[in-house]
1. Stokes-Einstein diffusion coefficient for segment 61-135 at 25 °C in a medium of 0.890 mPa s, Rh from the Kirkwood formula over Cα pairs: what value in µm²/s?
2. With a 10 Å cut-off between alpha carbons and a GNM built on the chain, which of 110, 57, 80 moves the most?
3. Using the basic label-point model (7 angstrom from Cα toward the beta carbon), what is the residue 89 to residue 18 distance in nanometres?
4. How much length is gained if the chain between residue 143 and residue 52 is pulled fully straight, taking 0.36 nm per residue apart and subtracting their Cα-Cα distance, in nm to one decimal?
5. Normalised by the residues of the chain, what does the relative contact order come to in percent, with Cα pairs under 8 Å and at least six apart?
6. So what is the relative contact order for segment 25-102, in percent, with contacts set as C-alpha pairs under 8 Å and at least six apart?
7. How high is the FRET efficiency between residue 39 and residue 10 when r is their beta carbon distance and R₀ equals 22 Å, given to the nearest 0.05?
8. Rounded to the nearest 0.05, what FRET efficiency is calculated for residue 126 and residue 70 with R0 set to 35 Å and r the Cβ-Cβ distance?
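Every read-out reported here was derived from the displayed coordinates using simple, explicitly stated rules and does not represent laboratory data. This one's a predicted model, so the numbers in the text were calculated from it and none came from an experiment. Every residue, glycine among them, receives a Cβ derived from its backbone with ideal geometry; neighbour counts consider all protein chains shown.
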């Protein structure tokens, strides 16, 4: 499964404005809630509950918040960029700038883990992260992700 199979253009936010973790999660959740019909506060609650288990700030300026939602019929990925960076309780203690949010049906553990692994692999590339950080628009971000997605099989 490719990232673009589950990432819609409308769930890409080129300029996140929040300055804290909860605000970032609220911003990232909004277009996903709109797209799926999920109740926004419920989606934010699921993401925050997952953060309580351990931060999804994996280091190198990256956060991959994720959660499983009962009643959701498909996986959905969103993307957001915080140019100023946000304290996301990252493993390396540095601010996070690049966020992929992953929301999956409650029973989709295998696909959920495969998608997280694919995102992690793509995000290991310094060049990919630099390209994302310099992207100016939703369309440009989508194209960068598409190119990286295609190169990684």
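1. 186 µm²/s
2. Looking only at 110, 57, 80, the largest GNM fluctuation is found for 110.
3. According to this spin-label approximation, the distance is 1.4 nm.
4. Difference between extended and current length: 29.5 nm.
5. Rounded, it is 28 percent for the chain.
6. Working: 134 pairs, mean separation 25.3, N = 78.
Relative contact order comes out at 32 percent.
7. 0.75
8. E(calc), rounded to 0.05, equals 0.40.
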